[in-house]
Amino acid sequence: MKRILLIALIILVPFVLLDLFFGGHGEFPWSGIPGFFALFGLIGCVAIILISKWLGHHWLQHKEDYYERNDGDR
Amino acid sequence: MTGSLPPAIIFILGAIVLPLLPRRSRSAGYLVFPLLAFIILVNLNAGTNLTVPFLNYEMVLLRVDRLSLAFGYVFIIMAFLGGIYGFHLKDTGQQVAALLYAGSSLGVIFAGDLLTLFIFWEIMAVSSVCLIWSRRTPKSTRAGMRYIIVHLFGGSVLLAGILWHQAETGSMLFNLFEGGTASYLILFGFSLNAAVPPLHAWLSDAYPEGTVTGSIYLSAFTTKVAVYALARGFAGFEPLIWVGTIMAIYGVVFAVLENDIRRLLAYHIISQVGYMVAAVGIGTEMAINGATAHAFAHILYKGLLFMGAGAVLHATGRSKLTEMGGLARAMPLVLGLYMVGAFSISGFPLFSGFVSKSMVVYAAELNRMDVIVLLLNLAAVGTFLHTGLKLPYFTWFGPQRSLKPAPIPRGMYAGMALTAGLCFAIGVYPAMLYNILPFPVTYQPYTATHVIETMQLLIFTGFGFWLLVGKLGGESTVTLDTDWFYRRPSRLAYNLFVLSLSRLFDVVERITMRIVRSLAMVSANPAGSLIQTTRSVRCALAGEEQPESKPFNPNRYRFPFGVMVLMVLLFLVVFTVWSLINLRQ
């Protein structure tokens, strides 16, 4: 876990530098933030996984025979 | 002559001719028809029209412009690639269904009036369900049945809208709709085929149940025909922007929960079509270009992804993440080709999704829709997470299950390789795609900022996956979706309309029989039955045990024969006396 974050941080550095050179045309609220899309990707990815899994476990996911059980007499 | 021949006709002729060919040459014969249609398509000029009188009505079988041409190209290409991938097939039924399906899709694309559109629309539904039923498992039969019922319902709503529209405007031409109830009905029909939630569940329900080759056609045609229809009829209809964006996220969320690889990919069709629907909603030239380009690229890479998943299914007979793993050594080529599709759908630079998806996002950027831009980027994160990381990781790497995959036909490899080549070619040389779009393109995808942002987004999605890979393994569950509303209550409907009705009939029948029996008893011997009834009532009142109930015997309480004779005699006497009195007067 710590190792992954460390590697991520190391890779983030060149991207932030690149952003400082090429990015930031000031069109959007996030245009000035170097490394914005890196953070967005990481946080978005984690959020998608956690929220979807939460929805699934608390509501949407059921045993595989969920529908078949009810089709028994057909 | 070929200047105004509808390409759909070639495919429909093909569907008739193919079964007449010798059995061994049918796979090769199949490929001839897409080639012929392609030649015809190349010779079609924008602006061509072909009207055919039908009863007292003019059907516009062919209306060619740049929008329909772009969709026409990719449909024919995909029909051809699917034929190569399915070259090993010995199932004429599937090949005929595929030809009809591709043909009717082209029919819709080039239809200039709503009646023609509707006819081809329904042929699409019927021919596509054959590709699901061809798998011949109980599960696919039931899924196909649900699929066709939903589509026939959507088709009926569409027809209602078309007729209403005709009554209101007096025109059946298929152009931009003005609004009003009729056009909302038509919009409903289109949205159902585009798999717009909550009308989308047929897709994730049925596509994974199709045959290995059938699902490739399925993933290509129906939804993209609907995107075309929306782009033609509802460009700039603003609610579609949000609808499309929600679609894009919706598919991603459900893909997290999926265990079946083809169902996971099916949810990503919904997600990707969401980009196109949003672009149609934005409706600017840039956006319509984006929708068309994304549809074009999507058909190819999604076909490739389904080909990869199909190859795994073909080789192992399995399609669930929980039952697979460690296939990389056995199927390295399939993995490699699948990854081209995965990089394309994720929008990696040099792959087709990068040059098409970014057009849609750019169209939103131009209109300063900040939230939409962010949400579409979030959907891109989810796309890479599932199709690019989770699915390949748990299929080809992940836990070893020592599977022994069967060899894969060479045609499958060829089909995948050609499709992968196209995905890559479009990514490297986008002008190839941009030149056939409806409007002139000035957009340049390969700018330093765009490439850097995309790489940040994707690489750090990878880190997110790495962090949480332990949570992401497949779970052998079924995910409830809006199909719940017609699957679960089916039990209720069955109880209400079948079971309870048959119970009611049962009760009525028993009551009727009882009434008939007692009527028969009474009329056989009124006096006797009266005696028996009084007796049993008296017993009941006295609280005594009922005398054992023997079957009613009408002769038991019969009057003796003499009583009968006496009564006749008495009657005669009375009658005589009465006659005599009358005579005297």
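We did not get these values from a lab; they are worked out from the coordinates using the rules stated. Predicted model, so just to flag it, every value in this text is computed and none were measured. Heads up, the Cβs are rebuilt from the backbone with ideal geometry, glycines too, and the neighbour counts pull from every protein chain shown.
Tell me, in nm to one decimal, what length is gained between residue B:565 and residue B:448 on full extension, where the rule is 0.36 nm per residue of separation less the Cα-Cα distance? Could you put the intermediate results ahead of the total?
Details: separation 117, 0.36 × 117 = 42.12 nm, distance 12.27 nm.
Gain on stretching residue B:565 to residue B:448: 29.9 nm.
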Q. Counting partner chain Cβ atoms within 10 Å of every residue's Cβ in B:486-496, what's the average?
A. 2
Q) Which value results when the Cα radius of gyration for chain B is divided by 2.2 N^0.38 Å? A) 1.40
**Q.** Unsatisfied cross-links (Cα-Cα over 31 Å) in the set A:53/B:90; B:139/B:357; B:90/B:320
**A.** A:53/B:90; B:139/B:357
Q. Once the Cα atoms of helix B:92-110 and of chain B are each reduced to a long axis, what angle between those two axes, in degrees from 0 to 90 to the nearest 10, is obtained?
A. 70
**Q.** Degrees, to the nearest 10: B:138-169 long Cα axis against longest axis of chain B
**A.** 80
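Quote the charge dipole size of the protein assembly as shown about the Cα centre in Debye, to the nearest 20; the model charges only the Cβ of Lys and Arg (+1) and of Asp and Glu (-1). Provide the component values of the computation, followed by the final result.
Details: 45 positive and 32 negative charges, 507 e Å.
With Lys and Arg at +1 and Asp and Glu at -1, about 2440 debye.
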Q.
Using the Cα centre of segment B:343-410 as origin and beta-carbon charges of +1 (Lys, Arg) and -1 (Asp, Glu), tell me which of B:372, B:403, B:358 is placed farthest towards the positive end of the dipole.
A. B:403
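In what sequence do B:370, B:481 fall when counting other Cβ within 10 Å, fewest first? It would help to have the intermediate numbers written out before the result.
On the way: B:370 14, B:481 20.
Exposure proxy ranking, most exposed first: B:370, B:481.
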(Q) Taking the 0 to 90 degree range and rounding to the nearest ten, how far is the long axis of helix B:526-542 tilted relative to the main principal axis of chain B, both from C-alpha atoms? (A) 80
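Quick one: length gained pulling residue B:439 to residue B:510 fully straight, 0.36 nm per residue minus the C-alpha distance? Provide the component values of the computation, followed by the final result.
Details: separation 71, 0.36 × 71 = 25.56 nm, distance 7.37 nm.
That pair, residue B:439 and residue B:510, stretches by 18.2 nm at full extension.
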Q. Over chain B, what relative contact order in percent results from Cα pairs under 8 Å that are six or more residues apart?
A. 12
Q | Estimated FRET transfer efficiency (residue B:23, residue B:414; beta-carbon r; R0 25 Å; 0.05) | A | 0.70
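Over all pairs of distinct alpha carbons, what does the Kirkwood formula give as the hydrodynamic radius of segment A:2-71, in Å? Don't jump to the answer; show the numbers that get you there.
On the way: mean 1/r = 0.0652 Å⁻¹.
Its Kirkwood hydrodynamic radius stands at 15.3 Å.
In whole percent, what relative contact order does segment B:459-585 give with Cα contacts below 8 Å and a gap of six or more residues?
Details: 22 pairs, mean separation 21.5, N = 127.
It rounds to 17 percent for segment B:459-585.
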Q. Dipole of the protein assembly as shown (Lys/Arg Cβ +1, Asp/Glu Cβ -1, origin at the Cα centre): which of B:529, B:191, B:9 lies farthest to the positive side?
A. B:529
Q: Could you let me know the centre-to-centre spacing of segment B:150-185 and segment B:103-117, using Cα atoms, in angstrom?
A: 15
Q) What number, in percent, do you get for the relative contact order of segment A:2-71 if the mean sequence gap of Cα pairs under 8 Å and at least 6 apart is divided by its residue count? A) 19
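In debye, nearest 20, what is the charge dipole magnitude of segment B:396-504 about its Cα centre with +1 on Lys and Arg Cβ and -1 on Asp and Glu Cβ, if you could check?
600
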**Q.** Sequence of B:465, A:28 once ranked by neighbouring C-beta atoms within 10 Å, starting from the fewest
**A.** A:28, B:465
Q.
Take residue B:530 and residue B:333, extend 7 Å from each Cα along the Cα→Cβ direction, and tell me the distance between the two endpoints in nm.
A. 9.9
Q) Once you mark the trypsin sites (Lys or Arg not before Pro) that are in a DSSP loop and have at most 16 other Cβ atoms within 10 Å, what is the longest gap between them in chain B? A) B:137-328
Q) For segment B:489-584, what is the charge dipole size about the Cα centre, in debye to the nearest 20, if Lys and Arg each add +1 at the Cβ and Asp and Glu each add -1 at the Cβ? A) 120
Q: Name the residue, out of A:18, A:42, A:60, whose mean-square fluctuation peaks in a Gaussian network model built on chain A with Cα pairs under 10 Å.
A: A:60
Q) Fully extended, how many nm does the chain gain between residue B:136 and residue B:52 (0.36 nm per residue separation, minus their Cα-Cα distance)? A) 26.3 nm
Q: Could you point to the residue in A:40, A:60, A:20 farthest towards the positive end of chain A's charge dipole, with +1 and -1 charges on the Cβ of Lys/Arg and Asp/Glu respectively?
A: A:20
